[in-house]
Amino acid sequence: MSAVSVLALLLVPPVSVQRRLWVRCSISTRAHLHGVHTRVAMPLLPASPPPLSLSRSLAAAAAASRRGRAVTCAAARGAASSSSASFDAAGFEAERLRLDAEARAGMASAAAVAGAEAADPKAWKWAIRKRVWDALEAEGVARDPRPVHHRIPNFDGAAAAADSLGRLDVFQDAQCVKVNPDSPQKQVRFLTLSGDKKLLTPQPRLRTGFFSVLESHMIPIGCIPEACTSVGAAKYGRPIGLDEKIKVDLIVIGSVAVDPSTGARLGKGEGFAELEYGMLRYMGSISDSTMIVTTVHDKQLVNDIPVEKLLVHDVPVDIICTPTQVIFTNTTIAKPQGIYWEKLSPEKLGQIRILQELKRRIESETGTTLPCGPSEKLPPTAQRRRRKRRR
């Protein structure tokens, strides 16, 4: 190889750096305005490709990188394959669907009670949720799983909203991204793993565990799309506990409704996003400066979430990505500082083992008894199953 050829190769940055440079040159999304939210129209077309000669150089560099990485990651992939071979995917999915049905029945019951009792402090939240769910179904933008009621709703254009997020500097710069496990954020999880970032995702409803960590080198070749599902995350992910030392650079959260003028957000009504956020604060993994992004359909944007009625544990968002726009909310709503035990019912605590562990740990460390929130009625389906198991 000539000296000129060697010099040319040395001057070519790594493929990942080139990709980020092309993206950053194609759009500018920095907005530092205060007091008002900022809407930035995002192009949905990919950036222009590099010149042909550069493409060939990058292809050669990428091929060499893949060969080296294959040797480095062979052991990890072998371990993942061995572990996944014994994983009961069908059983996991059946249990997840059963718990999902129970939870949705409980939410429907709670919404009906709140709607019948005007004095219920949560009635206004359920009214907004129902309006959004109804609109998504009626206007033909809802996507499976259907119906979208009592879910983080999947929608037409979810991948486009995720791609807009993927072009933001805050995502490009992140090394570890926490993403919720719901359907409309599947493309966000794919972009995280395919971008060689660390993905932190909660196990569904925290019923069976806590968080799982996934990295591309842990996943067999060609299996990243599967790893972006709940079953795949359990199959290929590494479960972590409260003692894990992990820094989360960005949080991506699902929403039912969000107010672009304030950053106020409503989830589906179970409170798991708030619990996950609170536990990450306890672990020291996030802070007030950790950005929170949501991806939603434009029809999920509302202007009637009363900030003064939000609770101390409600999580606001800094950035909203839709299929057509990116909105910087410049929210002034305070972010939760941890778990607010006085808001947590004994029934909810009884469902989540990791919270029980955290409560015991804090009480042991401080020598005090943590407060408990008011009781709540369990979903009828959960009560029936519990009685059957006692017989």
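Restricting the search to the stretch 316-350, which residues are touching a Ser or Thr at 6+ places or on another chain (Cβ under 9 Å), open to solvent by less than 50 Å² (accessible area, probe 1.4 Å) and assigned to a helix (DSSP H, G or I)? GLU347 - this is the single residue of the stretch 316-350 that is touching a Ser or Thr at 6+ places or on another chain (Cβ under 9 Å), open to solvent by less than 50 Å² (accessible area, probe 1.4 Å) and assigned to a helix (DSSP H, G or I). Per the listing TYR277, TYR282, the residue uniquely surrounded by fewer than 19 Cβ atoms within 10 Å (Cβ to Cβ) and among the hydroxyl-bearing types (Ser, Thr, Tyr) is TYR282.
Annotation for the stretch 302-315: at least one member residue is in contact (Cβ under 8 Å) with a residue 24 or more places away in the chain, within 18 Å of the chain's Cα centre (by Cα) and open to solvent by 40 Å² or more (accessible area, probe 1.4 Å).
On the stretch given as the stretch 127-159, residues that are open to solvent by 30 Å² or more (accessible area, probe 1.4 Å) and either assigned to a helix (DSSP H, G or I) or of a type in the set (Phe, Trp, Tyr) (or both) total 7. Just one of (1) part of a loop (DSSP other than H, G, I, E, B); (2) in contact with a strand residue (DSSP E or B) (Cβ under 9 Å, 6 or more places away or on another chain) fails for GLU270. It is (2).
The residues of the stretch 176-232 that are touching an Asp or Glu at 6+ places or on another chain (Cβ under 6 Å) and farther than 19 Å from ILE286 by Cβ, listed by number, are SER216, VAL231, GLY232. Report yes if THR294 is free of Cβ contacts under 8 Å to residues at least 60 places away in the same chain and buried (at least 22 other Cβ atoms within 10 Å of the Cβ), otherwise no. It is true that THR294 is free of Cβ contacts under 8 Å to residues at least 60 places away in the same chain and buried (at least 22 other Cβ atoms within 10 Å of the Cβ). Working only within the stretch 243-261, note down all residues that are surrounded by fewer than 18 Cβ atoms within 10 Å (Cβ to Cβ) and in contact (Cβ under 8 Å) with a residue 60 or more places away in the chain. Hits for the stretch 243-261 are ILE246, LYS247, SER261. The condition of being within 23 Å of SER212 (Cβ to Cβ), among the small types (Gly, Ala, Ser) and in contact (Cβ under 8 Å) with a residue 24 or more places away in the chain holds for only one of ALA273, ALA264, that being ALA273.
The values are calculated or read from the model by the stated rules, or taken from the named source; none is laboratory data. Everything numeric in this text was worked out from a predicted model, so none of it was measured. Counting neighbours? That spans all protein chains shown, and the Cβs are built from the backbone with ideal geometry, glycine included. SASA here: full protein model, heavy atoms, side chains in, ligands and nucleic acids out. Shrake-Rupley method; radii C 1.70, N 1.55, O 1.52, S 1.80 Å.
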